[in-house]
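A short worksheet on the structure shown next.
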Amino acid sequence: MQFQGDIQAKVPDFDGQDAAGALFVDLDDITEANASPLVLKAKQYLTTGYFDVAATRFTQWHF
């Protein structure tokens, strides 16, 4: 995959901001204990090439 743009470790704060920044994380390090359900779905797609539309229950995930 090719990506364009820069990853910003810190981003400006503004009304509606829902992230404090971004960083690259190895896919093997993304788990239910440290990632949101949406990130886990993205990981699943990136590692399998398949997007499962079925509902998934994350019993250990806390926001």
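If we count every other residue with Cβ under 12 angstrom of Leu46's Cβ, Lys/Arg +1 and Asp/Glu -1, where does the sum land?
On the way: positive: Lys41, Lys43; negative: Asp26, Asp28.
Neighbour charge sum, excluding Leu46 itself: 0.
Where does the charge balance sit around Phe58 when Lys and Arg score +1, Asp and Glu -1, over other residues with C-beta under 12 Å from its C-beta?
Numbers: positive: Lys41, Arg57; negative: Glu32.
Computed value for this residue: +1.
Can you run the Rg to Rh ratio on the chain? Use alpha carbon positions and the Kirkwood inverse-distance Rh.
Details: Rg = 13.9 Å, Rh = 14.0 Å.
My calculation puts Rg/Rh at 1.00.
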> Taking only DSSP H segments of four or more residues, each worth -39500 (n - 2.57), what value at 222 nm results for the chain once the sum is divided by all its residues, to the nearest 500 deg cm²/dmol?
Replying inline: -6000 deg cm²/dmol
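Order 45-58, 24-37, 3-16 from most to least packed using the mean count of other Cβ atoms within 10 Å. Can you show the working numbers first?
Values: 45-58: 8.6, 24-37: 10.9, 3-16: 7.1.
By packing density, highest mean first, the sequence is 24-37, 45-58, 3-16.
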>> Pairs of alpha-carbon atoms within less than 8 angstrom and 6+ residues apart define the contacts here; what relative contact order does the chain have, in percent?
In response: 24
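All of the numbers you see were taken from the coordinates with simple rules; none came from a lab. Quick caveat, the model's predicted, so the values are computed rather than measured. All Cβ positions, glycine included, derive from the backbone under ideal geometry; neighbour counts span all protein chains shown.
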